[in-house]
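Asker: My questions will all concern the structure given below.
The values are calculated or read from the model by the stated rules, or taken from the named source; none is laboratory data. Computed from a prediction, not measured in an experiment: that's the story for all the values here. A quick note on method: Cβ atoms are made from the backbone with ideal geometry, for glycine too, and the neighbour counts reach across all protein chains shown. Note: accessible area is taken over every heavy atom of the protein model, side chains too, but ligands, DNA and RNA are not part of it. Shrake-Rupley method; radii C 1.70, N 1.55, O 1.52, S 1.80 Å.
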Amino acid sequence: MMMKAAVMRAHGAPGVLQIEDMPIPQPGPDEALVRVKASGVSYHDVVERNGTYRADAHFPVVLGYEIAGVVEKIGERVTGVKIGDRVCCKVHHSCGRCRYCRNGMETACAKRRSVHGGYAEFVVLADEVLVKLPDAVDFASGCMIGPTIGVALNAVRDVAKVRLGDRVLVTGASGGLGLPSIELAKSAGATVIAHTRSEAKAQALRDIGADHVVVAGDRVDFSDQVMALTNGDGVEVVIDNVGSRVFTPCFKSLAMGGRYAFVGQLFKEQISINPARIFFRRAQLLGVGSVRRDQLEDAVRLVADGKVRCHVAAEMPLAEVAEAHARVEAGNVVGRIVLIPGEITP
Ligand SMILES: [Zn+2]
């Protein structure tokens, strides 16, 4: 049996994503075949497509790691899900046996493999990456929970350890990681300063709960604005979803003993800092890596309970994948564009 998939055979403009007929993949013993109901288009997909992220992809490739759907078929060793279950997924498959998996660092698994293949009508996924989706969460919302709310939960709760009364600066605030970072930090009792490069997005950020919005373009030093908003103290926590282009103003915005959580890096530029500035500031520089299974389960529950929202910007047919990529690359989307495959019978 055949299915439709958006296949990429070279890096390039959105047009390199072409809808083709492909055989429906068959699950191995520890895998499930999932009928894709929704697949998110992230900026990570854009840089995978245009070659910014890395140029060593093995073509042809089907992108898409934000996946929600229904289990259609399972391998004989699958125990976590059954046919008919509604599911979403982790970003990476981890082995469960290496020293990192056994030390609560499954996201650093020595044998980890990235999930991909969501831009299709069906995808085969390891049992281990699948998490059940309650009926209260629709597929368009569910597909993005792991890479957005799950990673934000890891950053805000578990790495930066945001506490009641902290002041938190969130960069790339209107993006898939930024929006839930704002909501989760607010839930934790923090005062949130949201940074965005676009004035047009400022009101949307206030609407979801940001206490203050700082609008500043690339390489603009906005730290004086953050200092003014914090009585000259700076922020206890930075949740940085942008990376090198905002590092200097963010570091200058950090309070004494502040925690700087690195979550995203959208550009190739390096950062440069005199190490003395780190120890004079008593700063903690923290790397946030992806989302563990327990964090994804917690994130799904928070969504089902209405404690944090998924922001779906638009639902588009899979056939319009190139247009979806063009819109995400242009950068004027608040929330996720989600691809919806058609319905076929395997
Ligand atoms: Zn492992």
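Asker: Let me check I've understood the local charge: for residue 251, count other residues with C-beta under 13 angstrom from its C-beta, Lys and Arg +1, Asp and Glu -1. What total comes out?
Answerer: Counting the neighbours of residue 251, the net charge comes to +4.
Asker: Given the rule -39500 (n - 2.57) for each run of at least 4 DSSP H residues, summed and divided by the residues of the chain, what is its mean residue ellipticity at 222 nm, to the nearest 500 deg cm²/dmol? Walk me through the numbers on the way to the answer.
Answerer: Working: 9 runs with 72 residues, N = 346.
Calculated mean residue ellipticity at 222 nm is -5500 deg cm²/dmol.
Asker: Where does the charge balance sit around residue 31 when Lys and Arg score +1, Asp and Glu -1, over other residues with C-beta under 13 Å from its C-beta? Intermediate results must be reported in sequence, preceding the final value.
Answerer: Details: positive: 73, 77, 113; negative: 30, 72, 76, 127, 128.
Here the charged neighbours net out to -2.
Asker: Here's something else I'd like to know. How far is it, in nm, from the label point at residue 294 to the one at residue 187 when both lie 7 Å from their Cα along the line to the Cβ?
Answerer: Between residue 294 and residue 187, the label points sit 1.7 nm apart.
Asker: Where only protein heavy atoms count, and the probe is 1.4 Å, what is the accessible area per residue for segment 149-287 in Å²?
Answerer: Working: 5720 Å² over 139 residues.
Solvent-accessible surface per residue comes out at 41 Å².
Asker: Using a Förster distance of 41 Å, how high is the FRET efficiency between residue 228 and residue 52, based on the Cβ-Cβ distance and rounded to 0.05?
Answerer: The value I calculate is 0.75.
Asker: Per residue, how big is the convex hull of segment 87-189 when only Cα atoms are used? Give it in Å³.
Answerer: Working: hull volume 13.1 nm³, N = 103.
Per residue, the Cα convex hull of segment 87-189 comes to 127 Å³.
Asker: If you take the C-alpha gyration tensor of segment 145-202, multiply each eigenvalue by 5 and take the square root, what semi-axes do you get, largest first, in whole Å?
Answerer: Values: eigenvalues 63, 41, 11 Å².
Ellipsoid half-lengths, sorted descending, are 18, 14, 7 Å.
Asker: Probe radius 1.4 Å, ligands and nucleic acids left out: which of 218, 233, 127 has the largest accessible area, and how do the rest follow? Intermediate results must be reported in sequence, preceding the final value.
Answerer: Details: 218 50, 233 80, 127 25 Å².
Heavy-atom accessible area, descending, gives 233, 218, 127.
Asker: Still on this model: If the chain were replaced by its equivalent ellipsoid, with semi-axes equal to the square roots of 5 times the Cα gyration tensor eigenvalues, what would those be, largest first, whole Å? Before the final figure, lay out the partial values.
Answerer: Details: eigenvalues 241, 90, 70 Å².
Rounded to whole Å, the semi-axes are 35, 21, 19.
Asker: Can you check what the net charge comes to around residue 291, using other residues whose Cβ is under 11 Å from the Cβ of residue 291 (Lys, Arg +1; Asp, Glu -1)?
Answerer: Working: positive: 90, 292, 293; negative: 106, 158, 294, 297, 298.
Net of charged neighbours comes to -2.
Asker: Any idea what Rg and Dmax come out to for segment 149-287 if you just take the C-alpha atoms, in Å?
Answerer: Answer for segment 149-287, Rg first and Dmax second: 13.3, 39 Å.
Asker: Distance from a point 7 Å along Cα→Cβ of residue 319 to each backbone N in segment 1-37: keep the residues under 13 Å and list them by number.
Answerer: In segment 1-37, the label zone of residue 319 (backbone N under 13 Å from the point 7 Å along Cα→Cβ) covers 4-5, 19-20.
Asker: Stokes-Einstein at 25 °C, 0.890 mPa s, Kirkwood radius from Cα pairs: D for segment 1-78 in µm² s⁻¹? Don't skip to the end; give the middle numbers.
Answerer: Details: Rh = 13.9 Å.
After rounding, the answer is 177 µm²/s.
Asker: Go through segment 104-121 residue by residue and turn each phi into a ³J(HN,Hα) via Karplus (6.51, -1.76, 1.60, θ = phi - 60°); whole Hz please, and just put x for glycine and proline.
Answerer: Here the 3J(HN,Hα) series is x, 10, 4, 6, 9, 3, 5, 10, 5, 10, 6, 6, 8, x, x, 7, 7, 6 Hz.
Asker: Rounded to the nearest 10 degrees, what's the angle between the helix 321-330 long axis and the longest principal axis of the chain, both from Cα atoms, 0 to 90?
Answerer: 10 degrees
Asker: For segment 213-336, count the residues as N, evaluate 2.2 N^0.38 Å, and divide the Cα radius of gyration by that value, please. List each step's numbers first, then the result.
Answerer: Details: Rg = 17.7 Å, N = 124, 2.2 N^0.38 = 13.7 Å.
Compactness ratio reported: 1.29.
Asker: Further question: By how many nm would the segment from residue 21 to residue 79 grow when fully extended, if each residue of separation counts as 0.36 nm and the alpha-carbon distance is taken off? Walk me through the numbers before you get to the answer.
Answerer: Details: separation 58, 0.36 × 58 = 20.88 nm, distance 3.08 nm.
Full extension from residue 21 to residue 79 adds 17.8 nm.
Asker: Among 170, 237, 272, which residue has its Cα furthest toward the positive end of the charge dipole of segment 149-287, with +1 on Lys/Arg Cβ and -1 on Asp/Glu Cβ?
Answerer: 272
Asker: Could you tell me what percent of the accessible area of the chain is made up of carbon and sulfur, with a 1.4 Å probe and every protein chain present? Before the final figure, lay out each step's value.
Answerer: Numbers: 7600 of 14970 Å².
Carbon and sulfur: 51 percent of the exposed surface of the chain.
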